[in-house]
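Student: The structure under discussion is supplied below as structure tokens; questions concerning it will follow.
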Amino acid sequence: MSLRIVVCVKYVPDATGDRHFAEDLTTDRDAVDGLLSELDEYAVEQALQISEASDDAEITVVTVGPEEANKDGLRKALSMGADKGVHVVDDALHGSDVMGTSLVLAKAVEHVGYDLVVCGMASTDGTMGVLPALLAERLGVPQVTLLSEVAVADGQVTGRRDGDTATERLAASLPAVVSVTDQSGEARYPSFKGIMAAKKKPVEELQLSDLGIEADLVGLGGAWTAVDSADARPARTAGTIVKDEGEGGKQLAAFLAERKFI
Amino acid sequence: MSFTFDHVSLESEERRELRASVAALGRSFGRRYFTDCVREGRQTDELWHKAGALGFLGVNLPQEYGGGGAGLYELAVVLEELGATGCPLLLMVVSPAICGTVLARFGTEEQKQRWLPGLADGSARMAFGITEPDAGSNSHRITTTARRDGGDWLLSGRKVFISGVDIADATLIVGRTEDARTGKLKPCLFVVERGTPGFEFRQIAMDLSAPEKQFQVFLDDVRLPAGALVGDEDAGLLQLFAGLNPERVMTAAFSLGMGRYALEVAVEYARTRQVWREPIGAHQAIAHPLAKCRIELELAALMARKAAVLYDAGDDMGAGEAANMAKYAAAEAGAAAVDTAVHTLGGNGLTEEYGLASLLTASRVGRIAPVSREMILNFVSHHTLGLPKSY
Ligand SMILES: Cc1cc2nc3c(=O)[nH]c(=O)nc-3n(C[C@H](O)[C@H](O)[C@H](O)COP(=O)(O)OP(=O)(O)OC[C@H]3O[C@@H](n4cnc5c(N)ncnc54)[C@H](O)[C@@H]3O)c2cc1C
């Protein structure tokens with residue numbers, strides 16, 4: 001039977017843009033162009049490599065997000081080579097926190113059917129990094145997170161996690177959830193053929209009711225946390241430029257010492 | 001997401017995605033990679049082959065021969081976007097654009113099978129040789145001649161300024177057939193493989209910093225099999241015209257990419273360099289020339305897209321005027337952008353670190369080749385405006 005891989009990806013505001021909060025303190029998606037979270041490209045890449053190494057695999061990319069998350073997010077993953085997409089889109093999802101998102105993703109992943117779920121290490125907007133763990137918990141399957149290397153063989157997923165003091169080699173039986181880091185290998189660029197093919201790949205659109213989720217469990221209302229206020233970070237002040245006229249090193253050291261860095 | 005005129009009227013989603021993917025590839029190499037290659041005397045092979053593997057170099061070539069099945073528009077997108085990251089691939093102008101187009105449209109089945117898959121994935125390259133010592137702007141004066149010898153052809157003549165002969169598997173040589181003694185140009189095109197006896201080339205010392213070099217080519221009774229003649233002996237002129245529009249549009253893309261790259265460096269510098277109280281970009285003497293460059297690049301890009309759209313729609317004649325105008329406008333805009341950028345950076349404009357000074361000569365190429373600015377003005381004078389000819 002074919003290996004069913006599901007990759008969870010997020011549509012986020014471009015991190016290089018000038019990002020703000022909206023009036024209700026949720027992410028302002030209008031001010032900045034959105035795109036597929038860069039960290040999720042690594043997840044797509046690893047899924048593609050696992051699929052290429054297996055005789056028979058199918059990759060579904062799943063996203064929970066606004067209307068544009070399909071064309072500007074899922075499409076990228078499809079043009080990289082994923083086979084089909086699932087887009088959960090519903091007005092009631094606006095303002096969901098990681099608890100709500102993980103609930104919806106779990107239902108969507110179950111709806112698709114899976115042997116392996118691959119996630120990025122975090123999103124570039126929320127940067128919670130706990131979604132893979134929550135998802136595994138909700139699905140009731142093993143989690144192997146923050147891998148810099150991952151492979152599937154004989155009904156098992158194996159991988160390597162590089163910590164500060166040790167490198168762990170981990171394994172779990174399928175079905176399982178994994179997350180991969182930005183050290184797992186450069187994500188491929190969509191080829192011209194991939195770009196042309198992506199448009200014809202099926203994307204299933206689902207609403208909360210299709211997944212049997214009550215609207216009050218998600219969205220701003222269902223969130224476990226509330227944002228009371230948000231202040232923009234003060235503009236960066238001009239830095240000090242140390243001109244090296246023979247005394248550059250000393251000046252630099254003095255600067256650092258004055259601020260107690262050294 | 002923004003719905004601008006560009007998005008709705010001109011550029012489909014696929015084209016924008018192609019732009020984004022090519023730009024990401026270009027950025028992963030970056031200007032430093034390109035200038036390192038030049039300094040070390042290497043070709044930009046890693047980038048070339050990666051772009052080839054992603055199907056970018058052959059987007060315009062037919063699918064049945066391994067190409068992307070799209071058009072000149074897409075090919076120009078690839079060159080422009082790579083250029084905008086500081087990594088222009090000059091041979092794209094000749095290999096897939098001129099040679100690939102001519103072979104795809106006029107080549108024999110055998111020639112297509114032999115060359116197109118390689119040109120499409122970048123594993124093969126083909127140079128293009130038309131210019132001769134006495135036939136630059138005036139290509140009617142071409143004297144490279146082919147005569148029949150049994151079933152073979154014997155090709156003799158000299159070519160000059162031919163780009164990339166050393167790294168091309170073959171050169172598409174424009175000659176004329178010997179019986180064409182009417183004085184009228186009756187060109188014919190031959191695929192000459194690099195190792196063919198009698199085909200020799202010598203590098204011309206150019207004051208340009210680019211990985212691709214220019215060559216003098218000597219053809220001395222080069223014996224070619226009948227199958228080296230592209231298509232049909234009488235279709236030479238048509239073949240040549242078929243290659244001209246892609247050449248002009250791609251030259252425009254080359255200039256546009258370079259101009260965009262230079263402008264981006266300059267704008268970033270103007271935003272951050274502080275001499276008095278404000279960054280220099282606040283001074284209109286700095287800001288306005290940069291704004292003007294942006295306007296002119298944008299206008300030239302629009303014309304280049306028009307030419308590509310007309311060409312891809314099969315309107316060779318209509319595309320001709322637009323392609324010439326686009327090449328002219330892009331060359332001027334590109335050269336002006338580099339000039340302005342260098343000046344914006346002050347002394348840093350001439351340092352190696354910022355890599356702009358070497359673009360001063362490179363940006364002039366678009367004004368000279370493949371046809372000079374004056375020849376385009378001549379074309380527009382009598383073709384478009386109906387003014388009498390001066391020569
Ligand atoms: C970097 C580079 C790469 C090149 N690569 C190739 C290549 O791959 N293949 C190839 O075949 N060629 C190539 N060329 C050659 C290029 O196409 C020619 O240089 C170009 O066509 C001009 O010809 P020319 O140099 O003989 O100039 P000329 O024809 O001698 O012209 C000299 C000057 O006189 C002007 N002039 C000429 N006639 C007129 C007129 N009637 N009215 C007004 N002004 C006129 C021209 O505009 C020009 O300014 C390359 C050139 C360069 C610089």
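Student: How about segment B:28-57: which of its residues lose at least 50 Å² of accessible area in the presence of all protein chains relative to their chain isolated, using a 1.4 Å probe?
Tutor: Buried-area filter returns B:L54.
Student: With a cut-off of 11 Å, note down the residues of segment B:20-43 whose backbone N falls inside the zone around a label point 7 Å from the Cα of B:E352 toward its beta carbon.
Tutor: B:36, B:39-40
Student: For the protein assembly as shown, what is the convex hull (Cα atoms) projected area averaged across all directions, in square nanometres?
Tutor: Directional mean of the projected Cα hull area for the protein assembly as shown stands at 36.3 nm².
Student: For the protein assembly as shown, what % of the accessible area comes from carbon and sulfur atoms, probe 1.4 Å?
Tutor: Within the protein assembly as shown, the accessible surface is 51 percent carbon and sulfur.
Student: Pulled fully out, how much extra length does the chain show between B:E374 and B:D315, if you take 0.36 nm times their separation in residues and subtract their Cα-Cα distance?
Tutor: That pair, B:E374 and B:D315, stretches by 18.8 nm at full extension.
Student: Run through the DSSP bridge list for segment A:3-222 and note the antiparallel percent, rounded to the nearest 5.
Tutor: Among the beta bridges of segment A:3-222, antiparallel pairing accounts for roughly 35 percent.
Student: What helices does chain B hold that run 27 Å or longer along their axis, going by alpha-carbon atoms, with a Kyte-Doolittle average of -0.5 or more, using DSSP H for the helix calls?
Tutor: Length and hydropathy pass: B:236-272, B:284-312, B:316-344.
Student: Just how many pairs of Lys in chain B have C-alpha atoms closer than 22 Å, counting pairs that are eight or more places apart or on different chains?
Tutor: Step by step, the pairs that qualify in chain B add up to 11.
Student: Right, here's the next one. Restricting attention to segment B:265-328, which chymotrypsin sites (Phe, Trp or Tyr not before Pro) occupy a DSSP loop and are surrounded by at most 16 other Cβ atoms within 10 Å?
Tutor: Those that pass, being in a loop and sparsely packed, are B:W276.
Student: Measure off 7 Å from each Cα along the Cα-to-Cβ vector at B:L360 and A:E245, then give the distance between these two points in nanometres to one decimal.
Tutor: That separation, rounded to one decimal, is 2.9 nm.
Student: Here's another thing I want to ask about it. What full-extension length gain, to one decimal in nm, is calculated for B:S28 and B:R105 as 0.36 nm per residue of separation minus the Cα-Cα distance?
Tutor: Using 0.36 nm per residue and subtracting the Cα-Cα distance, I get 24.3 nm.
Student: Roughly how many Å² is the accessible area per residue of segment A:3-222, as a whole number, for a 1.4 Å probe?
Tutor: Accessible area per residue: 45 Å².
Student: Then there's this: Would you jot down the residues in segment A:190-205 that end up with at least 20 Å² less accessible area in the complete protein assembly than in the chain alone, with a 1.4 Å probe?
Tutor: Residues of segment A:190-205 that lose at least 20 Å² of accessible area once the other chains are added: A:P190, A:S191, A:F192, A:K193, A:I195, A:M196, A:K199.
Student: To the nearest 0.05, what FRET efficiency results for A:D164 and B:E193 with a Förster distance of 60 Å applied to their C-beta separation?
Tutor: 0.55
Student: Taking amide hydrogens as modeled 1.01 Å from N in the peptide plane, which residues meet the under 5 Å criterion relative to B:G231, leaving out close sequence neighbours?
Tutor: B:T108
Student: Can you run phi through the Karplus equation (6.51, -1.76, 1.60; θ = phi - 60°) for segment A:202-211 and list ³J(HN,Hα) in whole Hz, with x for Gly and Pro?
Tutor: Running phi through 6.51 cos²θ - 1.76 cosθ + 1.60 with θ = phi - 60° gives x, 10, 8, 9, 10, 9, 4, 5, 5, 9 Hz.
Student: Take B:D166 and B:A226, extend 7 Å from each Cα along the Cα→Cβ direction, and tell me the distance between the two endpoints in nm.
Tutor: Distance between the two pseudo-spin positions: 3.8 nm.
Student: In Å², and per residue, what accessible area does chain B have when probed at 1.4 Å with the other protein chains present?
Tutor: Using a 1.4 Å probe on heavy atoms only, each residue of chain B averages 44 Å².
Student: What is the calculated FRET efficiency for B:T143 to A:D30, with r their C-beta to C-beta distance and R₀ = 60 Å, to the nearest 0.05?
Tutor: 0.40
Student: Something else: Mind giving me the nanometre distance, one decimal, between the label points for B:K292 and A:D56, set 7 Å out from Cα along Cα→Cβ?
Tutor: Those two pseudo-labels are separated by 6.8 nm.
Student: With a cut-off of 15 Å, note down the residues of segment A:116-153 whose backbone N falls inside the zone around a label point 7 Å from the Cα of A:Q49 toward its beta carbon.
Tutor: A:118-121, A:146-153
Student: Right, here's the next one. State, to one decimal in nm², a quarter of the convex hull surface area for the C-alpha atoms of segment A:3-222, i.e. the direction-averaged projected area.
Tutor: 12.0 nm²
Student: A:K243: which lysines have alpha carbons under 23 Å from its alpha carbon, excluding same-chain residues fewer than 8 sequence positions away?
Tutor: Cross-link targets: A:K260.
Student: Quick one: length gained pulling A:E186 to A:L256 fully straight, 0.36 nm per residue minus the C-alpha distance?
Tutor: Contour length minus Cα-Cα distance gives 21.7 nm.
Student: Which ³J(HN,Hα) values in Hz, rounded to whole numbers, follow from the phi angles of segment A:212-224 under the Karplus curve 6.51 cos²θ - 1.76 cosθ + 1.60, where θ = phi - 60° and Gly and Pro get x?
Tutor: With the stated coefficients, segment A:212-224 comes to x, 9, 6, 4, 6, 7, 10, x, 4, x, x, 5, 7 Hz.
Student: With heavy atoms of protein chains only and a 1.4 Å probe, what residues of segment A:69-106 have at least 20 Å² less accessible area in the full set of chains than alone?
Tutor: Buried by 20 Å² or more upon assembly, which counts only protein chains, are A:K71, A:D72, A:R75.
Student: Pop the C-beta distance of B:R158 and B:H49 into the FRET formula with R0 = 41 Å and round what comes out to the nearest 0.05.
Tutor: FRET efficiency, B:R158 to B:H49: 0.80.
Student: Now for a different question. Just to be sure I understand: if you take the accessible area of chain A alone plus chain B alone and subtract the pair, with a 1.4 Å probe, what total do you get in Å², rounded to 100?
Tutor: 1500 Å²
Student: Hey, another quick one. Compute the label zone of B:T272 within segment A:217-259: residues whose backbone N is under 16 Å from the point 7 Å along Cα-to-Cβ.
Tutor: The answer is A:236-243, whose backbone nitrogens lie closer than 16 Å to the label point.
Student: Let me ask another. From the alpha carbon gyration tensor of chain B, can you work out the equivalent ellipsoid semi-axes (sqrt of 5 times each eigenvalue) and give them in Å, largest to smallest?
Tutor: The equivalent ellipsoid of chain B has semi-axes of 36, 22, 21 Å.
The values are calculated or read from the model by the stated rules, or taken from the named source; none is laboratory data. This one's a predicted model, so the numbers in the text were calculated from it and none came from an experiment. Ideal geometry is used to build each Cβ from the backbone, glycine not excepted, and the neighbour counts take in all protein chains shown. Ligands, DNA and RNA are stripped out before the accessible areas are found, and what is left, the full protein with its side chains, is counted by its heavy atoms. Shrake-Rupley method; radii C 1.70, N 1.55, O 1.52, S 1.80 Å.
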